[in-house]
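The values are calculated or read from the model by the stated rules, or taken from the named source; none is laboratory data. These figures come from a predicted structure and were not determined experimentally. So basically every Cβ, Gly included, is an ideal-geometry build from the backbone, and we count neighbours across all protein chains shown.
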Amino acid sequence: MPPSSSVSTDPDPRLPDVARRFLRYVRIDTQSDPSSQSVPTTPKQMDLSRLLVSELRDLGVADVEMDDHGIVFATLEATAAAPDGTALPVVALLAHVDTAPDAPGTGVEPLVHFAWDGLPITLPGDPSVVLDPAVRPALKHHVGEDVITSDGRTLLGSDDKAGVAVLVQLAADLVSDPSPRPRVRLCFTVDEEVGRGTDHLDLDRLGADVAYTVDGSDIDTISYETFHAASARVSIEGVGVHPGYAKGVMVNALRIASRLVASLPEAESPEHTEGGEGFIHPHTQSASDVHHAEVQLILRDFTAEGLERRKSVVRTIVEGLRLSYPGSRITLEMQDQYRNMRSYIERLDPRTVSFAYDAARRMGITLRAEAVRGGTDGARLSEKGLPTPNLFNGGMDYHSCFEWNTVQNLERTLDYVKHLLRTWAERGNEPSSLHDFGT
């Protein structure tokens, strides 16, 4: 590899295929749009979907197709059966093509910082964006590796083009490989970042018994717990009048909205919580004038009881505002978004977790369980009856211009998925009832 000072902006022929695929994919703008009602929410997501169809067909992969929503399906046929000759479970592997709307996603220029020397990395597109291991301690574990970043003006796109690159490279490596594996269904979804990744995914068309999303942060991690999630929208109608004659008449919707936000428990905000702690997050506040204001919140907790408590907190605050401002009209709408997927996976097929740990042991790594402090297609799929834990893809600091991955992380993810398929080939006939979430 080149010395540590060397930075590559183009797919270097010395890079492994999975890294070169990743560098190509991140340059394609696929940002989704939460304000759009189209499917997918942005047509540019289909630019990558169409490319994947072409590449997979060129590789000789079977059953490659894209549906009307931009979702891509493909098949790696089984090369093994259970010892009694019966078919093994069909394993689906999923990644999403869209990137998050939380940071700029147009004009991504990926950089490879070869054999990183451990010093802070100043990104040339915006010198104020510095990857400093003193601030981002996870970087310290990757000294000497080939770190991949954007140029600092955009996100990188590891979430989830790292997963996309890994699965396409998996297909390239296995399409003519006779080593044992079950039937594998590859699936590339759209609009995951705006919470609609599985809205139009036809599970019958996918045809899988178990599944994994390759969409997790860091390396050597598995996630089979997510928040219970709900959204809340508070609409406030006030009373407007000339401020010189407002006493006893005006009801200022902006003031009510501000009081609502100020009344939320600060200790239960995202800024003050971590790990298994939930939160109430006012993420959007809008107002046209004193007549109308709106506050949108998200509520998260790892237990159903905790989520209900947070809903009760919001209801109590809103009811108090109604009493304090009798001239106003305040409406509250709440909607459940997704559930903690652990209970579904544990009930449907705990082998998805126990085999994941077994594959890690065979590879010589230690898999760590991390609860997802956010949404994942796997949560929705598990709730729909397809048990779907989430696996690592190596990326870090998602949804920001500080996002990074490494060449070695991509290779490690690819190797791990191969070990996982081999485990399913060897043990897929074992009864699910014999397994639990033990490591």
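Observations, loosely collected:
- Flag for Gly276 being outside the structural domain of Asp160 (by TED's automatic domain parsing), more than 30 Å from Leu414 (Cβ to Cβ), in contact (Cβ under 8 Å) with a residue 24 or more places away in the chain and surrounded by fewer than 16 Cβ atoms within 10 Å (Cβ to Cβ): yes
- Any chance Asp126 is in a helix (DSSP H, G or I) and among the charged types (D, E, K, R): no
- Condition met for Thr122 (in contact (Cβ under 8 Å) with a residue 40 or more places away in the chain and either farther than 30 Å from Ser382 by Cβ or buried (at least 18 other Cβ atoms within 10 Å of the Cβ) (or both)): no
- Top-ranked residue of the stretch 318-338 - restricted to ones that are farther than 15 Å from Ala293 by Cβ and in contact with a Ser or Thr (Cβ under 8 Å, 6 or more places away or on another chain), ranked as surrounded by the fewest Cβ atoms within 10 Å (Cβ to Cβ): Gln335
- Test for Val64: is it touching a helix residue (DSSP H, G or I) at 6+ places or on another chain (Cβ under 6 Å), in the same structural domain as Gly385 (by TED's automatic domain parsing) and more than 21 Å from Lys161 (Cβ to Cβ): no
This table checks each residue for (1) touching a strand residue (DSSP E or B) at 6+ places or on another chain (Cβ under 8 Å); (2) within 23 Å of Ile298 (Cβ to Cβ); (3) in a loop (DSSP other than H, G, I, E, B).
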position: Ser179; (1), (2), (3): no, no, yes
position: Pro182; (1), (2), (3): yes, no, yes
position: Cys187; (1), (2), (3): yes, no, no
position: Asp218; (1), (2), (3): yes, no, yes
position: Arg233; (1), (2), (3): yes, yes, no
position: Ile236; (1), (2), (3): yes, yes, no
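- Listed by first and then second residue, the pairs linking a residue in the stretch 47-66 that is in a strand (DSSP E or B) to a residue that is acidic (Asp, Glu), with Cβ atoms under 7 Å apart and 6 or more places separating them unless they lie on different chains, are Ala62/Glu77.
- Some residue of the stretch 160-173 being surrounded by fewer than 24 Cβ atoms within 10 Å (Cβ to Cβ), assigned to a loop (DSSP other than H, G, I, E, B) and modelled with pLDDT of 95 or more: no
- Test: residue in the stretch 401-421 that is surrounded by fewer than 21 Cβ atoms within 10 Å (Cβ to Cβ), farther than 22 Å from Leu203 by Cα and more than 22 Å from the chain's Cα centre (by Cα): yes
- From the list Pro89, Pro83, Pro43, the lone residue that is of a type outside the set (Asp, Glu), surrounded by fewer than 13 Cβ atoms within 10 Å (Cβ to Cβ), assigned to a loop (DSSP other than H, G, I, E, B) and modelled with pLDDT of 95 or more is Pro43.
- Picking from residues in the stretch 221-251 that are in contact with a Ser or Thr (Cβ under 9 Å, 6 or more places away or on another chain) and crowded, with 19+ Cβ neighbours inside 10 Å, the one that is farthest from Asn393 (Cα to Cα) is Val251.
- Selection status of Thr376, touching a residue at least 40 places away in the same chain (Cβ under 8 Å), buried (at least 16 other Cβ atoms within 10 Å of the Cβ), β-branched (Val, Ile, Thr) and in the same structural domain as Leu414 (by TED's automatic domain parsing): yes
- Any hit, the stretch 283-290, residues being modelled with pLDDT of 95 or more, out of contact with any Pro (no Cβ under 7 Å at 6 or more places or on another chain) and either surrounded by 17 or more Cβ atoms within 10 Å (Cβ to Cβ) or more than 22 Å from Ala371 (Cα to Cα) (or both): no
- All positions within the stretch 10-40 that are at pLDDT below 75 and more than 26 Å from the chain's Cα centre (by Cα): Asp10
- Within the option set Val39, Val26, Val61, Val53, being of a type in the set (A, V, I, L, M, F, W, C), in contact with a Lys or Arg (Cβ under 9 Å, 6 or more places away or on another chain) and under 23 Å from Asp202 (Cβ atoms) holds for one residue only, Val39.
- Breaking point among (1) in contact (Cβ under 8 Å) with a residue 40 or more places away in the chain; (2) over 18 Å from the mean Cα position of the chain (by Cα), for Asn340: (2)
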